[in-house]
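Chemist: One structure follows; several queries about it will come next.
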Amino acid sequence: MGEEKELGGSLLKRNADQKQNLADLKTWWDGAFQSHSHSSAKNILNAALVIFGALPTVGIAVWVLSCNPTPNNGNVDDLHTMKEAYESSFRSLLYWSPLFLINFVFFINVDIIFYIIGLLQRSFWLIDPYWTLFPSIFGLIWASHPMAVVNARTIVANILTLIWAIRLTHSYF
């Protein structure tokens, strides 16, 4: 009788362990989602960090794209002087190469700003919602470049990308 109790107790314990293992596996599979209020202080803080993390991108783009590409107020009589003045300028490199500009702001945002935010939060998950915003930001930088050809196709592509980004970013918060 004592052996049956021990055997029954060990079967119950093994069954409980198996249920716990399945629960742990489900938690792992579901990504350990914890139900929370979308207007919680933590969510609002994280959304603010994503928005403020993008501000350097906007600031750098405005700074670069607002420069005058030709010195002497557009007087291009002396091309050699103009070439020398702008070859040595990092800002002019960013201005004349939209792809370099986009890669530079990507470096500033991801490699520096979100790395520091991740170290402070001890978690690097906050970069995930930022990936959904990058295509829209880059599309807007590209379209606002003075050498860009802006037509209906560019506008529609940027609007659709922005809608897509809003929808994806909403799912994080």
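Chemist: Accessible area per residue, 1.4 Å probe, Å², for the range 98-173: what's the number?
Modeler: I get 62 Å² per residue for the range 98-173.
Chemist: Using a Förster distance of 30 Å, how high is the FRET efficiency between V156 and W63, based on the Cβ-Cβ distance and rounded to 0.05?
Modeler: With R0 = 30 Å, the Cβ-Cβ based efficiency is 0.60.
Chemist: How large a share of the accessible area of the range 101-173, in percent, is made up of carbon and sulfur atoms when the probe is 1.4 Å and the other protein chains stay in place? Present the calculation step by step, with values, prior to reporting the outcome.
Modeler: Values: 3230 of 4490 Å².
That fraction is 72 percent.
Chemist: Between R167 and W125, what length in nm is gained on full extension when 0.36 nm per residue of separation is reduced by their alpha carbon distance?
Modeler: The span from R167 to W125 would gain 13.3 nm if fully extended.
Chemist: May I ask you to evaluate 6.51 cos²θ - 1.76 cosθ + 1.60, the Karplus curve with θ = phi - 60°, for each residue of the range 135-149 and list the ³J(HN,Hα) values in order in whole Hz, giving x for glycine and proline?
Modeler: x, 5, 4, 5, x, 5, 4, 4, 5, 8, 5, x, 8, 6, 9
The values are calculated or read from the model by the stated rules, or taken from the named source; none is laboratory data. Since the model is a prediction, treat every value here as computed from it, not as a measurement. So basically every Cβ, Gly included, is an ideal-geometry build from the backbone, and we count neighbours across all protein chains shown. Please note that ligands, DNA and RNA were not included when accessible areas were found on the heavy atoms of the full protein model with its side chains. Shrake-Rupley method; radii C 1.70, N 1.55, O 1.52, S 1.80 Å.
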